[in-house]
Amino acid sequence: MKKKEKAVSAAQQKRITSIGGSALIEGIMMRGPKRTTVACRTDENNIYTEDISIKTFSSRGGFFRIPLIRGIFGMIDSMRLSYKALGISADKAMEAGTMEEEEPSKFEKWLDEKFGDKLMNVIMVIATILGVALALGLFVFLPAALFDWTLGGLFKAADPATGAETYTLAGQFVKSAFCGVLKIALFIGYMLLVSQMQDMRRVFQYHGAEHKTIFCYENDEELTVENVRKQIRFHPRCGTSFLVVTLLVSIIVGLFIPVAPFGVKILNPIFRLLLVPVMVGLGYEFIKLCGKHDNKLTRILATPGLWAQRITTKEPSDDMIECAITAMKAVIPEDGSDIVNDCSCAQ
């Protein structure tokens with residue numbers, strides 16, 4: 001029986017890199033300071049690679065690099081790159097037969113005839129609108145409505161000025177905490193649900209391969225399957241951690257938003273929406289801090305996100321690791337410009 005290899009701790013890191021990535025359909029995208037490469041498994045012996053690029057906001061400097069502001073545009077850049085990479089991986093998966101291409105419906109044929117090459121852009125816009133609407137319903141209006149229907153009556157009192165019924169100061173804090181916890185529960189529940197799907201489980205395995213490969217490089221070990229396999233799969237600089245941190249930040253920010261700003265209840269969700277960029281910016285700065293420094297404080301602060309990664313990352317197979325190594329090697333710059341902190345773990 002093969003002896004189980006002990007995972008290498010993140011505390012053994014000899015350097016911290018700015019290289020990051022994302023899992024795709026049967027592949028990995030790695031993004032370095034000079035190149036972004038997609039690597040997709042096409043069959044047992046072959047890995048397809050392709051460099052992709054976009055005009056990023058951060059490359060324009062100035063306003064787009066201001067703390068808090070840079071997080072918002074950094075997220076937009078990441079989404080644009082991920083969408084482009086996902087399209088490549090989907091095409092390669094269909095060519096390889098790992099993802100079946102369904103016969104287009106009459107409606108899909110009509111859309112193709114109507115929009116032609118612009119069809120994907122149209123679909124992207126529609127999907128974004130529907131996604132935002134769903135997110136608003138689940139993470140803004142549903143939690144607030146559930147609190148109003150359940151616990152709201154326990155924290156209401158008459159406003160001395162207007163006589164209208166409103167929440168007490170304690171009620172505002174309780175409502176914000178209730179909504180924040182429910183948001184996290186919904187997010188975790190959704191992740192648990194999709195993790196049961198076979199296709200998503202493979203994506204989560206590639207996610208694990210991405211993290212392990214980055215850790216192997218940060219531990220200054222040769223990028224081999226054996227060395228990558230023994231690394232841990234939970235990384236503080238991860239999209240999952242970013243989402244969890246942003247949700248936690250929303251709880252704190254929500255404590256300072258009145259239930260009925262200026263006496264108008266509908267302004268509460270509007271204020272929350274307007275403050276979403278602030279929450280995203282704060283979450284980005286937090287993840288950037290954890291990405292640059294590895295010490296006891298950042299490990300404690302990063303713990304909630306690392307817990308969530310137990311759902312969104314799975315142990316990869318060797319062929320998935322090979323794919324991640326291929327993408328990683330392609331984006332490592334020769335001049336070492338990706339290293340943001342050297343020997344950071346020395347105490």
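Shown are Leu24, Leu134, Leu282, Leu154, whose ranking by accessible area with a 1.4 Å probe and every protein chain present, most to least, is Leu154, Leu134, Leu282, Leu24. With 0.36 nm allotted per residue and the present C-alpha distance subtracted, the Thr56-Lys292 stretch has 82.8 nm of extension available.
The modelled label-to-label distance for the pair Ile266/Val278, using points 7 Å beyond Cα in the direction of Cβ, is 2.3 nm. Our estimate of slack between Ile252 and Glu226, defined as 0.36 nm per intervening residue step minus the Cα-Cα distance, is 5.1 nm. Beyond 17 Å, what percent of the Cα pairs of the range 129-208 remain? Everything past 17 Å amounts to 61 percent. Calculated FRET efficiency, Leu146 to Val194, Cβ-Cβ distance, R0 = 22 Å: about 0.45 to the nearest 0.05.
Put simply, the amide H of Gln231, placed in the peptide plane, has neighbours under 5 Å in Val8, leaving out anything fewer than 5 places away on its chain. Mind giving me the FRET efficiency for Lys156 and Arg310? R0 is 45 Å, r the Cβ-Cβ distance, nearest 0.05 is fine. My answer for the efficiency is 0.70. Here is the list for the range 247-296: chymotrypsin sites (Phe, Trp or Tyr not before Pro) lying in DSSP coil, each with at most 13 other C-beta atoms within 10 angstrom of its C-beta, are Phe256.
Orientation-averaged projection of the range 220-300 equals 7.0 nm² [convex hull of Cα atoms, one quarter of hull surface area]. Of the residues Glu95, Glu334, Glu210, ranked by 1.4 Å probe accessible area with the largest first, the sequence reads Glu334, Glu95, Glu210. Full extension of the chain between Thr49 and Thr303 yields a length gain of 88.1 nm, computed as 0.36 nm times the residue separation minus the alpha carbon distance. For the range 260-301, a crude dipole built from +1 on the beta carbon of Lys and Arg and -1 on the beta carbon of Asp and Glu, taken about the Cα centre, is about 80 debye to the nearest 20.
Annotation: amide H-H contacts under 5 Å for Leu24 (H modelled 1.01 Å from N, sequence separation of 5 or more, or interchain): Met29.
The values are calculated or read from the model by the stated rules, or taken from the named source; none is laboratory data. None of these values were measured; they are calculated from a predicted model. Neighbour counts are summed over all protein chains in view; Cβ atoms, including those assigned to glycine, are modelled from backbone coordinates with ideal geometry. These area figures cover heavy atoms from the full protein model, side chains too; ligands, DNA and RNA do not enter into them. Shrake-Rupley method; radii C 1.70, N 1.55, O 1.52, S 1.80 Å.
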